[in-house]
Amino acid sequence: MNPASRRPLVAGNWKMHGSRADAACLINELVARGVGTGSSEAVVCPPFVHLEEARRRLEGSRIGLGAQDACAEEQGGYTGEVSAAMLADAGCRYVIVGHSERRALYAESDDLVARKFLAAGRHALVPILCVGESLAERERDATRTVILRQLDAVLGAAGVPAFGRAVVAYEPVWAIGTGLTASPAQAQEVHALIRGRIAENDATIAASLRVLYGGSVKAANAAELFAMPDVDGGLIGGASLKADEFAAICAAADR
Ligand code: PGA
């Protein structure tokens, strides 16, 4: 179990699913189940167009709001993009940056991810920085190199103090949406690597940094993952669309 100084966080990444009515219904169910009222923190990250609906339904609850991505730029001719300022204005507190689907399907480079991380910080959003290796990278023993490359790109651009108000999510690409989960030991090894890299720069920030695990987390495997000393909660995809599953995962993160 992580130390008391790090409040566990469970964030639901809804990805591109559901209607506005589905979003409303899911949030109502989460609120009714008391999600967010335990000792861990709970956040939902709906699609952009459902943020306003979500914000209204979350009013008075203890569940936070986040977005799935942000533009690196401030404003202007960036058709289709949504800025960090707009997300803050829409009531978001968190924003996911560098999700592997963005990196793989939309060719987001380490440098672009770093600029998104910086944009989030400029508008007082807490970035949830995703890092993770593909199956091919793990098989050729490149996990460590890939994770450190992704992390160093952001550390170099933003500096270690920015991690004082950021979250990192380790999401092995081979575990996302596949039903394959990293074993608790595999997750712990990479989480310790991430925290260790931050500690080389600032031990105090490293000790308080929340490092989430993501990749096929379900109610059935959440507790064993969250029991690892450097796992401070989860970034949940598929299971965050089911109120009972997400509520159970949040409960598993409560001390
Ligand atoms: P999953 O997705 O829980 O469906 O594997 C996790 C994520 O992509 O954040």
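The values are calculated or read from the model by the stated rules, or taken from the named source; none is laboratory data. As the structure is a prediction and not an experimental result, all values here were calculated from the model. With ideal geometry, Cβ positions are generated from the backbone for all residues, glycine too; neighbour counts draw on all protein chains shown. All accessible areas refer to the heavy atoms of the entire protein, side chains included, with ligands and DNA or RNA removed. Shrake-Rupley method; radii C 1.70, N 1.55, O 1.52, S 1.80 Å.
Remarks
- Rounded to the nearest 20 debye, the dipole size of the chain about its Cα centre is 440 debye, using +1 on the Cβ of Lys and Arg and -1 on the Cβ of Asp and Glu.
- Residues whose amide H comes within less than 5 Å of that of L9, counting only those at least five positions distant or on another chain, are E41, G233, G234 (H built at 1.01 Å from N in the peptide plane).
- Heavy-atom accessible area order for H191, H123, H17, largest first, 1.4 Å probe: H17, H123, H191
- Accessible area of the stretch 9-254 belonging to carbon and sulfur atoms, whole % at 1.4 Å probe: 53 percent
- Using a simple spin-label model with pseudo-atoms 7 Å out from Cα toward Cβ, R165 and D141 lie 4.2 nm apart.
- Given charges at beta-carbon only (K, R positive; D, E negative), |dipole| of the stretch 34-82 in Debye: 340 debye
- Between the stretch 143-162 and the stretch 167-239, the alpha-carbon center distance in angstrom: 16 Å
- Dipole-positive endmost among G159, V173, A107 within the stretch 96-178 (Cβ charges, Cα centre): G159
- Structure-based [θ]222 nm, the chain - -39500 (n - 2.57) summed over DSSP H runs of at least 4, per residue, nearest 500: -12500 deg cm²/dmol
- Proximal lysines relative to K116, as straight alpha-carbon distance under 27 Å, when same-chain residues fewer than 8 apart are discounted: K15
- Remark: the stretch 62-72, residue by residue, has Karplus-estimated 3J(HN,Hα) of 9, 9, x, 10, x, 10, 8, 5, 8, 6, 6 Hz, where x stands for each Gly or Pro and the curve is 6.51 cos²θ - 1.76 cosθ + 1.60 at θ = phi - 60°.
- Solvent exposure ordering (accessible area, 1.4 Å, most first) of K218, K15, K242, K116: K242, K218, K15, K116
- Neighbours of D22, meaning other residues whose beta-carbon lies under 14 angstrom from its beta-carbon, give a summed charge of +2 when Lys and Arg score +1 and Asp and Glu score -1.
- Each Lys and Arg contributes +1 and each Asp and Glu -1, all at the Cβ; summed about the Cα centre of the stretch 136-248, the dipole is approximately 160 debye.
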